[in-house]
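Presented below is the structure to which this report refers.
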Amino acid sequence: MTHEHHDVIVLGGGPAGIAAAAAAAKNGIDTLLVEAGPMPGGELLSGMSIDGLLNARGQYVVGGISDELFAECREMGGFLGPLCDYRLICYVCCDPEIMKIAVSRLLRRYGSRSLLHTLATDVVTDGSRVTGLVVANKGGRMLLGADYFLDCSGDGDLAVMAGAPYEAGGSSGELQPVSMAFRMVDVQTEALLRFVVDYPENVALGESEYIRGGRTNGELAVELARQGQPCVFFKGNGPLLAQAIRDGEMFPTALVMIQPTSAARREVCVNATRVASTVPGTDVARLSEALPELLEQVWTAASFLRRQVPGFDSSTLSGTAPRVGIRETRRIMGEHVLTGEEAVAAAKHSEVVAKGAQHVDIHQAGTGQVRIPIADGGSYDIPWGCLVPKALPNVMVAGRCLSATREGMATARTMGPCLAMGQAVGTAAALCVRAGLRDVRGLAVAVLQQKLREQGAVLDGVR
Ligand SMILES: Cc1cc2nc3c(=O)[nH]c(=O)nc-3n(C[C@H](O)[C@H](O)[C@H](O)COP(=O)(O)OP(=O)(O)OC[C@H]3O[C@@H](n4cnc5c(N)ncnc54)[C@H](O)[C@@H]3O)c2cc1C
């Protein structure tokens, strides 16, 4: 086995991992990002909106590395700005093709190296300390040593291999469904929004009291149309979709959610497909079996939109997400466990290192979906302890494998908080390495918070 050593190794190149790698390298340490796929970015490349970045009032609750990423997108004309769905949340939409370049530029700017096409398969430990990550790729096996390891694998692979305690799924083992987002070009936004104004009963609107603000669905539909962007959430129990499901024209689903990706291509991303909640994202055989079904659902949903929804008549399928999308696997148990109650109550915490603002969002089999808004259109704090796994001195986690209950994870899993958590652990690793600390618990949270604030993170206020 070849052997190399770095200050920090980041496992996983999704939103959490790229932010972690950029933040660590920005703060002056030698950083290697290890990613199983061919390109860093993860779900940022699927075209879905980036949620949990803004609260329902339209205030940013995440900043810093995410600002740098969006500045790159904006500079290349791939930033569609913060938008409101007039249902529950505000979000940011970007062109996923531009996002590929933006992610690459962000990592290069600070000299973070990437090792792609490389799967982590094991860890080497010295007591509770992780000293190496065993990886495999076409070149064979390698042992990657580091002072600190940041598990941004979504599934908590590294932390679990190192012996961290974890939980997964609901009380009877149920998991959120796996899905495949897809994109369609040549969508006529005006016709689509006119349809929404004429038939608002098909669309999810005003599900949070804050967004509703005493308005009727008809009034909210008019506001949505005035925004001028294809941000439309057709609900599974609305007449249009319910009838199509009854007729077998559509598979059972809670949503056909449409969001813009490119004005130039008149392109939208569609989130509608699902294969039920017994497919564990860590079971690659089951995931492989789910792919053909998901691709058939992509075709079914695209055909439904073309036939039934004004504005889609001349549209064409233009792409699918880079891989099967996994919403839920393991949650690593850490020093603090974020709960759904804390999130929904917009709870604040003295050890905040990141924030979230998305509703608790639990997709279920068929037409089921739980959606619980954050109080008063606000945000909640993600405390430092959610990123520090129990009993491991030099491993941190960020992203959807954070320490949380199922409900807590169901909000913090969105890409905005994942970017913020990644920035927090990358910055923490840099501070630890530079101070010569061997256990992350030796790092004063106030020192980390100060550095995060200096570098644009949002830790205060925003209700
Ligand atoms: C269908 C779907 C729709 C969604 N809709 C939205 C939405 O509209 N807005 C929103 O904000 N969020 C949405 N989410 C949630 C969000 O996309 C994810 O929760 C988020 O991307 C998680 O980020 P992450 O960085 O923690 O992990 P991931 O994005 O899962 O990234 C983990 C990375 O680690 C790599 N990896 C994993 N294990 C290993 C290993 N052993 N070795 C090497 N590499 C490894 C993977 O290849 C992957 O690139 C959606 C998710 C799905 C699946």
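The table below gives the values:
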item	result
Selection from the stretch 267-289 of residues that are touching a Pro at 6+ places or on another chain (Cβ under 9 Å) and buried (at least 16 other Cβ atoms within 10 Å of the Cβ)	GLU267, VAL268, CYS269, THR273, ARG274, VAL275, ALA276, SER277, VAL279, LEU287
Only one of ALA420, ALA457, ALA430 that is farther than 18 Å from GLN358 by Cβ and either of a type in the set (A, V, I, L, M) or not assigned by TED's automatic domain parsing to the domain that holds GLY12 (or both)	ALA430
Any hit, the stretch 162-182, residues being within 14 Å of the ligand (Cβ to nearest atom), of a type in the set (Asp, Glu) and either without any contact (Cβ under 8 Å) to a residue 40 or more places away in the chain or assigned by TED's automatic domain parsing to the domain that holds HIS6 (or both)	no
Single match in GLN423, GLN450, GLN455 (criterion: modelled with pLDDT of 95 or more, more than 13 Å from the ligand (Cβ to nearest atom), in contact with a Gly (Cβ under 7 Å, 6 or more places away or on another chain) and over 14 Å from VAL337 (Cα atoms))	GLN455
Yes/no for PRO393 being surrounded by fewer than 19 Cβ atoms within 10 Å (Cβ to Cβ), part of a loop (DSSP other than H, G, I, E, B) and assigned by TED's automatic domain parsing to the domain that holds ARG194	no
Restricting the stretch 109-133 to residues that are among the aliphatic types (A, V, I, L, M) and away from the ligand (no atom under 12 Å from the Cβ), the residue that is nearest to ARG215 (Cα to Cα)	VAL130
Pair list, Cβ under 6 Å, 6 or more apart: the stretch 319-334 residue closer than 30 Å to ARG441 by Cα, other residue within 9 Å of the ligand (Cβ to nearest atom) and charged (D, E, K, R)	THR329/ASP155; ARG330/ASP155
Residue check for CYS401: touching a residue at least 12 places away in the same chain (Cβ under 8 Å) and either under 17 Å from LEU338 (Cβ atoms) or of a type in the set (Gly, Ala, Ser) (or both)	yes
Residue within the stretch 26-48 that is over 28 Å from VAL324 (Cβ atoms), surrounded by fewer than 24 Cβ atoms within 10 Å (Cβ to Cβ) and within 19 Å of the chain's Cα centre (by Cα) present	no
Search result, residues across the stretch 425-445 that are over 19 Å from VAL130 (Cβ atoms) and surrounded by 15 or more Cβ atoms within 10 Å (Cβ to Cβ)	THR427, VAL445
Only one of GLN369, GLN297, GLN308 that is closer than 27 Å to ILE258 by Cβ and either at pLDDT below 95 or under 19 Å from the mean Cα position of the chain (by Cα) (or both)	GLN369
Wholly within the stretch 124-201, strands (runs of 3 or more DSSP E) carrying at least 2 residues that are within 27 Å of ASP95 (Cβ to Cβ)	182-185
Yes/no for ARG226 being over 26 Å from ARG57 (Cβ atoms) and not in a loop (DSSP other than H, G, I, E, B)	no
Strands (runs of 3 or more DSSP E) wholly inside the stretch 286-372 that include at least 1 residues being farther than 30 Å from GLN59 by Cα and charged (D, E, K, R)	330-332
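The values are calculated or read from the model by the stated rules, or taken from the named source; none is laboratory data. Since the model is a prediction, treat every value here as computed from it, not as a measurement. All Cβ positions, even for glycine, are placed from backbone atoms using ideal geometry, and neighbour counts span all protein chains on display.
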